[in-house]
Amino acid sequence: MTVEPRQALVWDYAPAPEATDHLRLRDRYGLFIAGEFREPADSRYEPTINPASEEPIAEVAWAGAEDIQRAVEAARAAQPRWAALPARERAKYIFRIARLIQERARELAVTETLDGGKPLRESRDVDIPLAAAHFFHYAGWADKLRYGVVAREVAPLGVVAQIVPWNFPLLMAAWKLAPALACGNTAILKPAETTPLTALLLAEICQEAELPEGVVAILPGDGATGAALVRAPGIDKVAFTGSTAVGRDIQSALAGRDIALTLELGGKSANIVFEDAAIDQAVEGIVNGIFFNQGHVCCAGSRLLVQESVAEEVIAKLWARMLRLRVGDPLDKNTDVGAVNSAAQLERIQELVQAGEQEGAVRRSIACELPDRGFWFAPTMFTDVSPVHRIAVEEIFGPVVSVLTFRTVEEAIAKTNNSVSGLAAGIWTDKGAKAFQVASALRAGVIWQNTYNHFDPTAAFGGYKESGFGREGGPAGLRPYLRVVR
Amino acid sequence: MPRLTVRKTYKLYIGGAFVRSESGRSDLLGETNIPRASRKDVRDAMVAARKAQARWASLTAYNRGQILYRAAEALESRRAQIEAVLREDGAGDADAKAELDAACDVLVHYAGWTDKLHSVLGGVNPVASPFLSFSLPEPTGVVGVVAADRPALLGLVAELAPALAAGNAVVALVSRTAPRAALDFAEALGVSDMPAGVVNLLSGRLAEAAAALGAHRDLNAIVDASGDRELGAELDRLAAETIKRASHHPGACTYEQATEPALERIVALTELKTAWHPVGV
């Protein structure tokens, strides 16, 4: 590169923090079982902290084996009645939940940002509206299931155990609960250990919606709670979003048992920039693809594949754009990149970045003032990355992009598909026919052409290969929660 | 002096070729030697299947439908011989005839699915943003099949046809106690238009061959119609290693069981791909 852009940007913004005084958070949250918040059997409460300050926000009960059993019993008892409701009544409960999420959107967005560290702009504009949209979409399916699964007689599976990650806490809860309930199942949801609060607010919303008791249970806890939940007797289906390692453990734990399973796991998604792309637009897409939500996105465009002829230009422009990213207080409406979700995740990112340096890739991290407390990682780009480097193969789940190059369309396809995972991919080219050809050759569940990281309740989402199986969104998202009677 | 019969040597069907087990092993079934597939035979079949799959999937749906239909034609034309084999292996006259009827009809049924999957399983998603978003089914890749032991032919065809209709290549372990009908069917496939490597048929012992197949890291999905719960659990555990799609169901004994619900069999072996394209200037 001939011109190295400035290392730091001198540009002041007036702080624009979102107020938190409207929150009605409790000091302590119990387990949501059979329609009520209850004490955990072993009285275990754990603090949930703000990753931007490391300050505790509230204490949250963690579920143990006894609590899980109570929740399963309540869910089993509730399931036949829930499934027997006229479908349009079931629909109306779910519509109510969608409406209540919209009404409490501000509170949910701020809570999501406090508990998880994501920029308020994202929780406000993406997470919460999409969560409401998801419930709204599936509410309407409840009385149309036979049209969703090709005019067959279908029945709910029964009691479903659902485990969601910490990167989109409420949104993932919505992806799980909405189709499960629409299909007449009852559900036990375990939010992630670092981000339980919006799921607990969703429990309040279920109460407000007068959802029959036992239809939804919310059991916070850590990996041990999740492991116990998927092994609990009385579960008919497990749906999991999270790491490939845990997904593998769950699939193995269910071996030989007649329990349905869907897995939405990790990825190392490629974002492919061809020489005929609109480069400035592509750079915006690359930034959105990898720095959205601090890179804590299963489909993050973490492998940037650039055609050799434009690599220098793309890297220069991307770096210039990265220097303008604002990292800091997630509650500030100007913030682009917030806090890393947890100390453990920060450690994982640091370890892989270190591996990248050791293996010989060239690292560039933007110079930015990071707060003294909390978990932070400056947006980072690696160049001179070889396809065998750990940072080109393993999911970093942080604001780190690895840049690789290619010469031909065939090489781009081969490099993209050379991965055990296959969740998503991006294609940047102004040639429509080429975009469609490449899209059909890529072994990945979601292909974004000249865009990245768009989601919608009507559009199926899910992976190929080791990125998991089953789909969420649209009619395809119903099938994992139904069995075909005939 | 009576004429000496020319006996048939049964072979594995791998990559479009009829081969002995690389291990040189065989098992005597009645008066016939049946090749006993080894771990290496499974690997060879996997390589052939992976190589053939992309091209098979890239054929037009119309073309794949015609090739499946041609397979039905090839089976129908050999039915007398295969019925005789089924009778020798214990089927009654009526059952053998019914099994051939059903196997041919199942192939015809799934031949008609190849160009309908997209409209039934996919479509345009009415997203709330300025994008053309659509979802379409694609094959999951290479599918492993552990066919039911009986019925020896229909049990295999019922698993093959939906996998092929969806655009997958298949490595199948055929009936253990009556493998000849399936290996004769391989000859019908061999002279049909089915591209080499799309269907690979192995005879052998259940535990050994199924475990080798289920453990293969390049396999995308495993369909288990063995009815053996212990083996099913083992295949599930092996599937978890590389997040394979695993499904279990009893072997199909009738046309109805093989085709109802046909779509569920196909869905288990397809992926749904969603593509987004901006709309506007």
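What the phi angles of the range B:206-215 give under the Karplus curve with 6.51, -1.76 and 1.60, with θ = phi - 60°, is a coupling list of 4, 4, 5, 6, 5, 5, 5, 5, x, 8 Hz, glycine and proline written as x.
By the Cα gyration tensor, the range B:180-281 has an equivalent ellipsoid whose semi-axes, rounded to whole angstrom, run 28, 21, 16 from largest to smallest. Once backbone amide H atoms are built at 1.01 Å from N, B:Arg25 has B:Arg36 as its partners under 5 Å, excluding neighbours fewer than 5 places away on the same chain. Hey, what angle do you get for helix A:87-103 against the long axis of chain A, alpha-carbon based, 0 to 90 degrees rounded to 10? That works out to roughly 50 degrees. Sorting the Cα pairs of chain B by distance into bins of 10 Å, from 0 upward, gives 7, 30, 36, 18, 6, 3, 1, 0, 0 percent per bin. Using θ = phi - 60° in the Karplus curve 6.51 cos²θ - 1.76 cosθ + 1.60, the 3J(HN,Hα) couplings for the range B:75-86 round to 5, 4, 6, 10, 4, 4, 5, 5, 4, 4, 5, 4 Hz; x is entered for Gly and Pro.
What is the packing order of peptides B:184-191, A:213-220, taking the mean over residues of other C-beta atoms within 10 Å and listing the highest first? Could the numbers behind the result be given before it?
Details: B:184-191: 19.4, A:213-220: 26.4.
By packing density, highest mean first, the sequence is A:213-220, B:184-191.
What is the range A:49-206 by shape, rounded, prolate or oblate, if you read a ≥ b ≥ c off the alpha carbon gyration tensor as root eigenvalues and call it rounded for a/c under 1.5, prolate for a/b larger than b/c, and oblate otherwise? Verdict is oblate for the range A:49-206. Across peptide B:228-237, the average count of Cβ atoms from other chains found within 10 Å of a residue's Cβ is 3. If you take the Cα centroid of the range A:233-306 and the Cα centroid of the range A:312-365, the two points sit 19 Å apart. With axes computed from alpha carbons, what is the tilt in degrees of helix A:244-253 against the longest principal axis of chain A, rounded to the nearest 10 within 0 to 90? Around 30 degrees separate the two axes. Over the protein assembly as shown, the pair-distance histogram of Cα-Cα distances with 20 Å bins from zero comes to 17, 47, 30, 6, 0, 0 percent, rounded to whole numbers. Remark: relative contact order (chain A) = 19 percent; criterion is Cα-Cα distance under 8 angstrom and separation of 6 or more residues. In terms of packing, defined here as the mean over residues of other Cβ atoms within 10 angstrom, the peptides A:131-140, B:216-225 line up highest first as A:131-140, B:216-225.
About its Cα centre, how strong a charge dipole does the protein assembly as shown have in debye, to the nearest 20, once Lys and Arg get +1 and Asp and Glu get -1 at the Cβ? Working shown, then result.
Values: 81 positive and 94 negative charges, 374 e Å.
Dipole of the protein assembly as shown, to the nearest 20 debye: 1800 debye.
The mean number of partner chain beta-carbon atoms within 10 angstrom of a residue's beta-carbon across peptide B:130-141 is 4. Here is how the number arises for chain B: DSSP H runs of 4 or more residues each give -39500 (n - 2.57), the sum is divided by the residue count, and the result at 222 nm is -14000 deg cm²/dmol. Highest-first packing order for the peptide set A:47-55, A:175-183 is A:175-183, A:47-55, based on the mean count of other beta carbon atoms within 10 Å. Normalising the average separation of contacting C-alpha pairs (under 8 angstrom, six or more residues apart) by the number of residues puts the relative contact order of the range A:270-449 at 29 percent. Only one residue of A:Ala105, A:Gly247, A:Ser440 has its Cα farthest out toward the positive end of the dipole of the protein assembly as shown, where Lys and Arg carry +1 and Asp and Glu -1 on Cβ, and that residue is A:Ser440.
For a distance above 23 Å, tell me the whole-number percent of Cα pairs in the range A:270-449 that qualify. Don't skip to the end; give the middle numbers.
Working: 5930 of 16110 pairs.
It works out to 37 percent of all Cα pairs.
Give the distance, in whole Å, between the Cα centre of the range A:116-172 and the Cα centre of the range A:434-483. Going from one Cα centre to the other spans 15 Å. For the range B:138-146, backbone phi angles converted through the Karplus equation (6.51, -1.76, 1.60; θ = phi - 60°) give residue-by-residue couplings of 9, x, 6, x, 9, 10, x, 10, 10 Hz, Gly and Pro being listed as x.
Taking amide H atoms as placed 1.01 Å from N in the peptide plane, the amide H of A:Gly445 lies under 5 Å from those of A:Leu423, A:Ala424, A:Tyr464, each 5 or more residues away in sequence or on another chain.
Partner chain Cβ atoms within 10 Å, averaged over the residues of B:255-264 - can you pull that number for me? If you can, show how the numbers build up before the last one.
Values: counts 0, 0, 0, 0, 0, 3, 6, 0, 5, 6.
If you average over the peptide's residues, the count of other-chain Cβ atoms is 2.
Each part reduced to its alpha carbon centroid, the range A:376-398 and the range B:179-230 end up 40 Å apart. Between helix B:93-111 and chain B, what is the angle of the helix's C-alpha long axis to the longest principal axis, kept within 0 to 90° and rounded to the nearest 10? Rounded to the nearest ten degrees, it is 30. Annotation: amide H-H contacts under 5 Å for A:Leu404 (H modelled 1.01 Å from N, sequence separation of 5 or more, or interchain): A:Leu304, A:Leu305, A:Val306.
Read the figures in this text as sums done on the coordinates, not as results from a lab. The structure displayed is predicted, hence computed values, not measured ones. FYI the Cβ positions are ideal-geometry reconstructions off the backbone, even for glycines, and counts take in every protein chain you see.
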